[in-house]
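Colleague: What follows is a single structure, and I will ask about it in a moment.
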DNA sequence: CTTCACAGGGAATAATTATTCCCCCACTGA
DNA sequence: TCAGTGGGGGAATAATTATTCCCTGTGAAG
């Protein structure tokens, strides 16, 4: 997406995973695709807090990392769908763990975040 | 840590969790504390790719979020230790899921990251 | 011919986050 | 007095990442 100037430390597994999953909307995108929201325009509508451009960029990154793959249907009107790869499906337990923790601790986090409500 | 200008979307659990866990070194810090690396200087040595200042800042944030708590021993020389709170312990499954995925997919990620080796 | 839906990208800019540099305090040991 | 250890912070700067704005192209519908 952007060009990195500083090398990263990919020693520990945590950093490897964070490298792939970090990105404001990536986990949401993976979750969405997994739930069957496969087309770009659907994702744009579903994650409407993010600008479409951002979703596109993060989709491209996820594709580069081999988390999702893109299927372009030849017909017209244009139709594109994204799917999780096998490796991408492997991230689902992580996503689920994140989601679960977040839901269980929503109250607490809401109390302690400075202002960031929406 | 910094002052946020744009409100966040904490609708879905994923975003809530990412808010608390995102930060280049936070998951490593949580993991370290959980493994018994409790003192700041120990953490500095253990996570030596990060500047001490950064660790300090992320520790403060984690404390604000109630993930860790800080115990200051009155004696001298100074001694400080951090512990996971109950809520902090709740993040361990997430951290473990991240670590596991990262370790299982190290090879793959190494192949696809542009250059970022270290 | 105009407008719409669909998929997408370049460039500039804004926001966020990490990092470096250099400082503080209290005590200990030489 | 001087250096070293242990915990820490302010300010500036650099790097990273998100967002906005506006543009491309094709075909279908009106």
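Colleague: How much mean residue ellipticity at 222 nm does the protein assembly as shown get from its helices, if each DSSP H run of length 4 or more adds -39500 (n - 2.57) and you divide by all residues, to the nearest 500 deg cm²/dmol?
Modeller: Working: 14 runs with 126 residues, N = 236.
Calculated from helices alone, the mean residue ellipticity at 222 nm is -15000 deg cm²/dmol.
Colleague: Tell me the distances, shortest first, between residue B:77 and the same position across the other copies, using label points 7 Å along Cα→Cβ, in nm to one decimal.
Modeller: Ordered by distance, the counterparts are at 7.0 nm.
Colleague: Using Cα pairs closer than 8 Å and at least 6 residues apart in sequence, work out the relative contact order for region A:13-112, in percent. Write out the running numbers ahead of the final one.
Modeller: On the way: 80 pairs, mean separation 24.8, N = 100.
Across region A:13-112, relative contact order equals 25 percent.
Colleague: While we're here: For residue B:107, place a label point 7 Å out from Cα along the Cα→Cβ vector, do the same in each other copy, and report the separations in nm, one decimal, smallest first.
Modeller: Nearest first, the other copies' label points are 4.6 nm away.
Colleague: With a Förster radius of 41 Å, plug the Cβ-Cβ distance of residue A:49 and residue B:49 into 1/(1 + (r/R0)^6) and report the FRET value to the nearest 0.05. Can you show the working numbers first?
Modeller: Details: r = 33 Å, r/R0 = 0.79.
Here the calculated transfer efficiency is 0.80.
Colleague: Related question: Roughly how tilted is helix A:52-64, in degrees to the nearest 10 and between 0 and 90, from the longest Cα axis of chain A?
Modeller: On a 0 to 90 degree scale, this one is about 80.
Colleague: Going by how many other Cβ atoms sit within 10 Å of their own, how do A:26, B:19, B:79, A:71 line up, fewest first?
Modeller: On the way: A:26 23, B:19 17, B:79 14, A:71 10.
Starting with the residue having the fewest Cβ neighbours, the order is A:71, B:79, B:19, A:26.
Colleague: Give the dimensionless ratio obtained when the Cα radius of gyration of the protein assembly as shown is divided by 2.2 N^0.38 Å. Display every interim value, and only then the final one.
Modeller: Numbers: Rg = 18.9 Å, N = 236, 2.2 N^0.38 = 17.5 Å.
Normalised Rg, Cα atoms only: 1.08.
Colleague: If we count other beta carbons within 10 Å of each Cβ, what is the order of A:59, A:84, fewest first? Provide the component values of the computation, followed by the final result.
Modeller: Numbers: A:59 21, A:84 18.
Exposure proxy ranking, most exposed first: A:84, A:59.
Colleague: Also, I was wondering about something else. Using a basic spin-label model with each label point 7 Å from the Cα along Cα→Cβ, how many nm lie between residue B:72 and residue A:73?
Modeller: Spacing of the two 7 Å Cα→Cβ label points: 6.4 nm.
Colleague: Testing the spin-label approximation: label points 7 Å from Cα along Cα→Cβ at residue B:81 and residue B:63. State their distance in nm.
Modeller: For the pair residue B:81/residue B:63, the computed spacing is 1.6 nm.
Colleague: What nm distances, shortest first, do you get from the label point of residue B:48 to those in the other copies when the point sits 7 angstrom along Cα to Cβ?
Modeller: Inter-copy label distances (nm, one decimal, shortest first): 5.2.
Colleague: State the extension gain, in nm to one decimal, for the chain segment bounded by residue B:22 and residue B:35, taking 0.36 nm per residue of separation less the distance between their alpha-carbons.
Modeller: On the way: separation 13, 0.36 × 13 = 4.68 nm, distance 1.98 nm.
Stretched out fully, the residue B:22 to residue B:35 stretch lengthens by 2.7 nm.
Colleague: So how far, in whole Å, is the C-alpha centre of region B:79-114 from the one of region A:23-96?
Modeller: Computed from Cα coordinates, the inter-centre distance equals 23 Å.
Colleague: I've got another one for you. If you draw the axis that swings chain A onto chain B, which residue of A has its Cβ closest to it, and how far is that in whole Å?
Modeller: A:97, 2
Colleague: Considering every Cα-Cα pair within chain B, what fraction, in whole percent, is farther apart than 26 Å?
Modeller: Working: 1920 of 6903 pairs.
Tail of P(r) above 26 Å: 28 percent of Cα pairs.
Rule-based calculations on the coordinates, nothing more; no lab input. A quick note: this is a predicted structure, and the numbers were derived from the prediction, not measured. A quick note on method: Cβ atoms are made from the backbone with ideal geometry, for glycine too, and the neighbour counts reach across all protein chains shown.
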